[in-house]
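Notes follow the structure.
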Amino acid sequence: MNIWNQERFFELVRVGMTLVIFMLDFTAHAQTSEDSFVLENITLPTFQDTYYVLDERKNANGFVFAFVSTRCPSSVVYSQRLVEIWELCKNVKIDFAFVFVNEEESVEEINEFLKYIKFSVLALDDRSKNLAQKIGAKVTPEIFLFSKTKRLVYGGRIDDSQREENVQVKEFQEALANFLAGKRVRQTRTVSRGMIMTLLPAFLFGVFSCAWGTKDNEGLKEGDKAPGFNLKNHKNEYVSLESLKSKYVVLFFYPKDGTPGCTVEACSFRDSLEKLTEKDVKVIGISVDGVESHSEFHKNQKLNYMILSDADKSVSKKYGVLNFLGFSNRTTFIVDNAGTGNIIKIYKDVNPKTHVSEILKDISSREESMNKK
């Protein structure tokens, strides 16, 4: 893609997203006018093998539903902030539930997500989107507060920035505080920005993940020289690409320590390391998490290879995998480390469960081909 087309493409993406946000804003306010929407009874299965029946929750002082998806990076970013809100709600006897709405997510993925947050939060199965449609939920993450009488108090975003360090206004917590104090909530509806549930989610999220991930290094491709690096590992020791002595180096970039897909992928490399080592392959994991996070993740998952901290995101940018949320996309590079130092294979949008098998197969095929020459 030449520079002109690339810039035009990004401009079209920005315009398209602006229109989507406008549509979400319009439909949210059209569907639930202030102080008028009352939620009817709902019955939803939980992921704890029970059913949640709203009308049976007589002792609750209110209800909070946080719509999330394990495959939505924004949901992962906000997960710990949502746990903090859950603790606030628990202290004042307000029901709090994570509501999972992505029909493509498996029960296994959702349970891994719940294990990741390390708290016994009620989790509701709304993959049919019945509850989401009733109350006008459009994106993940998005949060709704209802009174004891099921009247809508607040619906929309959690706060004003996905980056926690940039948060200026905690809109949901402000609404909750006013509600508990018996004061009028200043703004009943706000527009949440995240992964769109029903409006072309795969297309829009795929565009943004790929586009923002490759803008800095559009041309990196198989056959190119692998960019060098010097990063700290989980033991706080510096590791460079040049220091890795093996025939092949597998560099797998992943979004975040401890998240469901990343845990599956990391453990898959762990369980297959002996087979990879037999083929003289050195495995290296890279994400933008810090050394402390890596150390905990490495210990908890009993990993048997190094994971490196790209905290300043410079290496993710060099390899063209940094997305617009500031995470590394799930992308793997195989480097011909004993020969040219070139990238011989790039895997994008990998399946964490089958990825290692694919790598082993490709390396075996390459070895067979080279032996025939």
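Table: residues versus (1) surrounded by 21 or more Cβ atoms within 10 Å (Cβ to Cβ); (2) part of a strand (DSSP E or B); (3) modelled with pLDDT of 90 or more.
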residue	(1), (2), (3)
Thr198	no, no, no
Leu204	no, no, no
Val207	no, no, no
Cys210	no, no, no
Glu222	no, no, yes
Gly228	no, no, yes
Asn236	no, no, yes
Val239	no, yes, yes
Ser243	no, no, yes
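In the stretch 116-152, how many residues are assigned to a helix (DSSP H, G or I), touching a residue at least 40 places away in the same chain (Cβ under 8 Å) and under 30 Å from Glu265 (Cβ atoms)?
2
Within the stretch 51-72, take every residue that is touching a residue at least 12 places away in the same chain (Cβ under 8 Å) and of a type in the set (Lys, Arg) and give me the one that is surrounded by the most Cβ atoms within 10 Å (Cβ to Cβ). Explain how you work it out, then say what you get.
First pass over the stretch 51-72, keeping only residues touching a residue at least 12 places away in the same chain (Cβ under 8 Å): 52-55, 57, 59-72.
Within this subset, residues satisfying the condition of being of a type in the set (Lys, Arg) are 57, 71.
Numbers: Arg57: 14, Arg71: 20.
Per the criteria, the residue is Arg71.
Here are the criteria: (1) assigned to a helix (DSSP H, G or I); (2) touching a residue at least 12 places away in the same chain (Cβ under 8 Å). Tell me which single one Lys361 does not satisfy.
(2)
Return the residues of the stretch 159-183 that are under 21 Å from the mean Cα position of the chain (by Cα), outside any helix (DSSP H, G or I) and either acidic (Asp, Glu) or more than 18 Å from Ser79 (Cα to Cα) (or both); say none if nothing qualifies.
Residues satisfying the conditions are Asp159, Asp160.
Among the residues of the stretch 59-66, is there at least one that is under 15 Å from the mean Cα position of the chain (by Cα) and within 30 Å of Glu265 (Cα to Cα)?
Filtering the stretch 59-66 for residues under 15 Å from the mean Cα position of the chain (by Cα) gives none.
The answer is no, given that none of the residues of the stretch 59-66 is under 15 Å from the mean Cα position of the chain (by Cα) and within 30 Å of Glu265 (Cα to Cα).
Six or more apart or on different chains, Cβ under 8 Å: which pairs go from a residue in the stretch 291-313 that's under 15 Å from Gly258 (Cβ atoms) to one that's charged (D, E, K, R) and at pLDDT 95 or above? Could you list them?
Val291/Lys232; Ser295/Lys235; Gln301/Arg270; Lys302/Arg270; Leu303/Arg270; Ser309/Lys232
The values are calculated or read from the model by the stated rules, or taken from the named source; none is laboratory data. Because the structure is a prediction, the values reported are computed rather than measured. A quick note on method: Cβ atoms are made from the backbone with ideal geometry, for glycine too, and the neighbour counts reach across all protein chains shown.
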